[in-house]
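K.L.:
One structure, as structure tokens, below. Some questions next.
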Amino acid sequence: MKETGPTAMGRRNMLLGAGALGSGLLLTACTSNSNGDADKANVKAASSASGSTPGKHVTVGFSAPAADHGWIAAITKNAKAQAGQYTDVSFQAAEGTNDVNAQISAVQTLIDKKVDVLVILPFDGKALTSIGAQAMDAGIPVVNLDRVFDNSLAYRTWIGGDNYGMGVNAGQYIVKTLKAKGVSKPVIAEIAGIDNLDLTKQRSQGFKDALAKAGFSVSIRQAAQFTADSGQQVMSNVLQARSKLDAVWNHDDDQGIGVEAAIKQAGRSEFFMVGGAGSRHAMQEIKADSGVLKATVVYPSSMSASAITLARLIGQNKGMGDLVEQEVPSSITLFSATVTKENVDLYLPTSFT
Amino acid sequence: MSDQTTPRPAEDASVLPAQGRSGADVTAKPSLVKEGPDPGATRPGAGRRQQLPRFFPLHQVHSLGLLVVLVLLGVVGTATSGNFLTTDNIVNILTSAAVIGVITVGQTFVIIGGGIDLSVGAIVAVASVWCTTVATQSYGLGGMIFTAVVVGSVVGLLNGVLIAYGKIVAFITTLAMMASARGVAERLSDRQSQVVTVDSFNRIATDKFLGIPLLVYLMAGIVVIGWLLLNRTTFGRHTFAVGGNPEAARLAGIAVRRHTMLLYVLSGVCCGIAAVMLTARTTSGASNLGNLYELDSIAAVIIGGTLLAGGRGSLFGSILGVLVFTTITNIFVLNNLTTDIQEIAKGLIILVAVLLQRTRGARSPA
């Protein structure tokens, strides 16, 4: 998610080859601070709905990008933990990768293993479309998670976040807050994520549209790389570019750690900030109300757990308990809730770390 | 041994006219192995006198060119944004340059010594994760700094041993390390950003002295130490000699392997220090810190006039290279230009610098 370009891909390839060296490098790697998966995974025990009674055994294959970012790491963890909730589901995860070529191979392997249902979060939806279609042709239903395939023939069901809506909600919160403060010509900054991902474009478009309705616009927009490192670098320059800001929207909370650091280091506090994605750290900051961060728009990492549930239902030819429909719907768009001090306690449990 | 040394002056002569450093160093070697009375004088005196003219040979002209570029950038920055020429912004540029500057010091040594270190970014990641995760921040400021620098040195040592004694090509060794060290960082951190809660540690990035952040002093100090080490010590002369012609250096009595190994340790130490700086700056340790820093530091070294093949180079030039890149980024953000244009500009600068190097290289044998 954070890495793009041939170098990053080369690195990923080397990672496979040089794994042995890595494990030998620091023997203490096994002292990793993993706190166990279950305690921080967003899973929901099978509810009392009709679909929860054990049924036909289903093998779910799972493929996602490399878990090198808090949100993606949470996606993988949540999927695995949710599968563990079901006695009738076995879970086969392919190695995460940011190389579309490697991900195609990984999915191919899962098809060859004849899993019953596939859950795929493609690194790049367009590039993975053909392998999705191939799985469907082989009779394996595909649950397309988040980043959308180019062709609806390539998946049975899509479930994912609403990037446009995320931008809209961030924009609406900023408009509402500025109006309440009586600011008429605000200076608004946007710290976007990786610019060549569709999701970034959609977030920015939603933000722009929401601001435009109030007659506001973005004064300065810079892209970072979804890392604290890049967030810090970009924000420290943005703060130099505008000696006074009224509001900032930062697309990603992991990157936000660096953005906040830059703000503190510059000693600026004349504006308020809205985050994105919904990390635990960001929510704790919002709750404490001690800094510039006043809200974050959620991009639920629990969606992978829901995807596993859908995969199971599809595999067992069941519908969704509370819906009237006989089958699982073909598309489910999640809601990007705006988390503020008022409702943060509701969302803290589903935040990602 | 004496027969083998005879062809050297001729070899050196072909390299010498183009530059000062390595040529002079290698020719100075006979005095080190005591090949009779040198037509200089006593050794320390000879060393000093031969170093003095090196202040203004061609590669310094290159540095001068970079200075001109920097001034031009300053003019562009001032013309396009009223915020460019403020104390705050200049300090901001220097602070942004601090982390990559420290890494580039180590990279310059490695490249002059005839190697390359592709693992610097990954070392930063693993060192930062180590000081925020494994040390769990419970050992406080000292423990965090110590562990980061130690981890950096250990990974550097591993690189060095594999390259110098394992005889694996530096490019391959450090490429493998780039991948595996980041993998280790991901494993150690469980792919989570560890927010630093030790306030005294974060103050490394916020504390100022006379209005200038500690980070800038830290970079300046390391650059000065690096410059002295490179230009005023035997270690430095050996670095040029090893990079220029390892065989000649070996014959001149330099422990080439050990020296090569030490260069990677030096780079690892720089990465460890940079990790401390970056972790304090971002107030977090994460496996994705230092992403692509290897390219940034190598680019700075190359546009700074250091020969990618080794044997010749300038630390001053490397730091100017870092400042050029940092200033460009700053100007682009001040003017709200997009990332793609920044990338194109950076690429063009690297290309022009390499072309300049090639024209000089082509001229040198004449």
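The values are calculated or read from the model by the stated rules, or taken from the named source; none is laboratory data. All figures in this text were calculated on a predicted structure; none of them were measured in a lab. Cβ sites come from the backbone with ideal geometry, for glycine too, and all protein chains shown count toward neighbours. For accessibility, only protein heavy atoms count, side chains too; no ligands or nucleic acids. Shrake-Rupley method; radii C 1.70, N 1.55, O 1.52, S 1.80 Å.
K.L.:
Residues with amide H under 5 Å of residue A:332's amide H, sequence separation 5 or more or different chain, H placed in the peptide plane at 1.01 Å from N; which?
P.N.:
A:158, A:159, A:160
K.L.:
Shifting gears a bit: For region A:165-221 and region A:222-250, write down the distance between their C-alpha centroids in whole Å.
P.N.:
Computed from Cα coordinates, the inter-centre distance equals 14 Å.
K.L.:
Other chains near B:190-200: what is the mean number of their Cβ atoms within 10 Å of each residue's Cβ? Don't jump to the answer; show the numbers that get you there.
P.N.:
Numbers: counts 11, 14, 14, 13, 4, 10, 2, 0, 0, 0, 0.
Mean shielding count: 6.
K.L.:
Per residue in region A:239-261, which ones lose no less than 50 Å² of accessible surface when going from chain alone to all protein chains (1.4 Å probe)?
P.N.:
Buried by 50 Å² or more upon assembly, which counts only protein chains, are A:240, A:257.
K.L.:
Now a separate question. For chain A, what does the convex hull of the Cα positions come to per residue, in cubic angstrom?
P.N.:
Normalising the Cα hull of chain A by residue number yields 152 Å³.
K.L.:
In chain A, carbon and sulfur make up what percent of the accessible area (probe 1.4 Å)?
P.N.:
Working: 7300 of 13750 Å².
Carbon and sulfur atoms account for 53 percent of the accessible area of chain A.
K.L.:
What length, rounded to one decimal in nm, is gained on full extension from residue A:284 through to residue A:214, with 0.36 nm per residue of separation minus their alpha-carbon distance?
P.N.:
Result for the pair: 22.2 nm of gain on full extension.
K.L.:
Using the Cα gyration tensor of region B:178-264, with a ≥ b ≥ c the square roots of its eigenvalues, what is the shape: rounded (a/c below 1.5), prolate (a/b larger than b/c) or oblate (neither)? Mind dumping the intermediate values first?
P.N.:
Numbers: a/c = 4.81, a/b = 1.54, b/c = 3.11.
Because a/c hits 1.5 or more and a/b fails to exceed b/c, region B:178-264 counts as oblate.
K.L.:
Just the accessible area per residue of region B:85-191, please: how many Å² with a 1.4 Å probe?
P.N.:
29
K.L.:
Sticking with this structure for a sec: Pop the C-beta distance of residue A:333 and residue B:203 into the FRET formula with R0 = 41 Å and round what comes out to the nearest 0.05.
P.N.:
After rounding to 0.05, the efficiency reads 0.35.
K.L.:
Show the residues, 5+ positions off or on another chain, whose built amide H is closer than 5 Å to the amide H of residue A:194.
P.N.:
Under 5 Å from the amide H of residue A:194: A:226.
K.L.:
Show me you know the interface measure: the accessible area buried between B and A, both chains summed, probe 1.4 Å, in Å² to the nearest 100.
P.N.:
The B and A chains share an interface burying roughly 4400 Å².
K.L.:
Mind giving me the FRET efficiency for residue B:250 and residue A:92? R0 is 60 Å, r the Cβ-Cβ distance, nearest 0.05 is fine.
P.N.:
0.65
K.L.:
Can you tell me the accessible area per residue over region A:266-353, all protein chains present, probe 1.4 angstrom, in square angstrom?
P.N.:
Per-residue value: 42 Å².
K.L.:
Provide the FRET efficiency to the nearest 0.05 for the residue B:87-residue A:270 pair, computing r from the beta carbons and using R0 = 22 Å.
P.N.:
Given R0 = 22 Å and the Cβ-Cβ separation, E is 0.70.
K.L.:
Here is a follow-up. For chain A, take the longest principal axis of its alpha carbons; what is the angle in degrees between that and the long axis of helix A:163-181, to the nearest 10 within 0 to 90?
P.N.:
So the helix axis and the longest Cα principal axis differ by about 30 degrees.
K.L.:
In addition: Among the residues of region B:299-344, which ones have their accessible area go down by 30 Å² or more when all the protein chains sit together, as opposed to their chain alone (1.4 Å probe)?
P.N.:
B:333, B:334, B:336, B:339
K.L.:
On to the next question. Per residue, how much accessible area does region A:147-260 have with a 1.4 Å probe, in Å²?
P.N.:
34
K.L.:
Here's a follow-up. Could you name the aspartates and glutamates whose alpha carbon sits less than 12 Å from that of residue A:56, not counting residues in the same chain fewer than 8 places away?
P.N.:
A:88, A:116
K.L.:
Taking H as built 1.01 Å from N, whose amide H comes closer than 5 Å to the amide H of residue A:252, not counting residues under 5 places away?
P.N.:
Close amide H contacts, sequence-distant or interchain: A:276.
K.L.:
Using a 10 angstrom Cβ neighbour count of at most 10 plus a DSSP loop assignment to flag exposed GluC sites (Glu not before Pro), which longest range of chain A is free of such sites?
P.N.:
With a cap of 10 other Cβ atoms within 10 Å, the longest stretch comes to A:1-269.
K.L.:
Taking chain A as the reference, fit the longest principal axis to its C-alpha atoms, fit the long axis of helix A:303-315 to the helix C-alpha atoms, and give the angle between the two in degrees, 0 to 90, nearest 10.
P.N.:
So the inclination is approximately 20 degrees.
K.L.:
If you don't mind, there's one more thing I want to ask. In whole Hz, what ³J(HN,Hα) sequence does region B:209-218 give by Karplus (6.51, -1.76, 1.60; θ = phi - 60°), x for Gly and Pro?
P.N.:
Working through the residues one at a time gives 10, 6, x, 10, x, 3, 4, 5, 4, 4 Hz.
K.L.:
Still on this structure, please answer the following. Just how much of residue A:268 is accessible, in Å², when a 1.4 Å probe is used and the result is rounded to the nearest 10?
P.N.:
For residue A:268, the solvent-accessible surface is approximately 40 Å².
K.L.:
Whole number please: convex hull volume per residue, Cα atoms of region A:311-353, in Å³.
P.N.:
Measuring per residue, one finds 130 Å³ for the Cα hull of region A:311-353.
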